[in-house]
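The values are calculated or read from the model by the stated rules, or taken from the named source; none is laboratory data. What you are looking at is a predicted structure, and each value in this text was computed from that prediction instead of being measured. Here the Cβ is made from the backbone with ideal geometry for all residues, glycine too, and neighbour counts use every protein chain on show.
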Amino acid sequence: MSELTGKTALITGSTTGIGRATAFALAARGADVVVTGRDAQRGAEVVQKIQADGGSARFVAADLTNRDDVIRLAEQAGEVDVLVNNAGLGSFGPSATITGEQYDAMLEGNLRAVFVLTNALAPKMAERGSGSVINVSSGAARISGDYNAVYGATKAAVESLTRAWAAEYGPAGVRVNAVAPGPVLTSVPAEFYQGYIPVTPLRRIAQAEDISRVIAFLAGPDSAFVTGATIPVDGGLSAVEPRLPD
């Protein structure tokens, strides 16, 4: 597949999990991938695998909770055609237990970094008349719990930005969408998610590749008339009411 040949894709948080799978997916479709994250060793491993598979990639180290790093990343990424705002962090627990430092880190990494990167790169896409921004939200933006108030709020804000930016940049040919994963088997032990399987219509937990394939669709020409959308990628979890025990 080569629908992204000649395009540069920047994927934040692409040294692990969904971001890593997305880096592989976009590279396989011909994109020149800018891999970014805090761990240079893991970044090098992602780049090496992409290159071994015949793709093109480079690594730029960045901590998205650091404002200067976000600005530097935008500068070093250069001319970007596809921006995937994937990186995120969460501190979970009752709201009263969330510290000021945890609160600030979630707002910086999950929201401000998305805002700054998009503001830096989307106007340049608009000048060229094309581009795609994909924001990775979460089912937590719509399904509240007693442990994710701040995390869910940051993701709900990202979905709101997605809609606003779709209206703002659409006339210039730039599409802005979001994906909202449910539970995904990444670095969290599988046992943590067992309770979701019986209430998920597809009766399984997502792999990172399930999410990356939808991101790749939104990055490519097959989604040319899709903008302002938030696509749940959760096996139907958000579409149904959980079944209560008999």
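Brief remarks on what is shown
- Residue, surrounded by the most Cβ atoms within 10 Å (Cβ to Cβ), within the stretch 135-194, restricted to residues that are among the aromatic types (Phe, Trp, Tyr) and farther than 20 Å from residue 93 by Cβ: 165
- Residue list for the stretch 74-110, filter: under 13 Å from the mean Cα position of the chain (by Cα), aliphatic (A, V, I, L, M) and at pLDDT 95 or above: 82, 83, 84
- Residue among 134, 143 that is within 20 Å of residue 234 (Cβ to Cβ) and in contact with a Leu (Cβ under 6 Å, 6 or more places away or on another chain): 134
- Some residue of the stretch 167-189 being in contact (Cβ under 8 Å) with a residue 24 or more places away in the chain, among the charged types (D, E, K, R), within 19 Å of residue 22 (Cβ to Cβ) and not in a helix (DSSP H, G or I): yes
- Single unsatisfied condition, residue 69 versus (1) over 19 Å from residue 184 (Cα atoms); (2) crowded, with 16+ Cβ neighbours inside 10 Å; (3) touching a helix residue (DSSP H, G or I) at 6+ places or on another chain (Cβ under 6 Å): (3)
- Only residues that are farther than 22 Å from residue 4 by Cα and under 17 Å from the mean Cα position of the chain (by Cα) were counted across the stretch 26-40, and they come to 2.
- The residue pairs whose first member lies in the stretch 14-25 and is among the charged types (D, E, K, R), whose second member is part of a helix (DSSP H, G or I), and whose beta carbons are closer than 6 Å, counting only pairs six or more residues apart or on different chains, are 20/46.
- Out of 43, 93, sole residue that is over 24 Å from residue 2 (Cβ atoms), surrounded by 22 or more Cβ atoms within 10 Å (Cβ to Cβ) and either touching a residue at least 40 places away in the same chain (Cβ under 8 Å) or among the small types (Gly, Ala, Ser) (or both): 43
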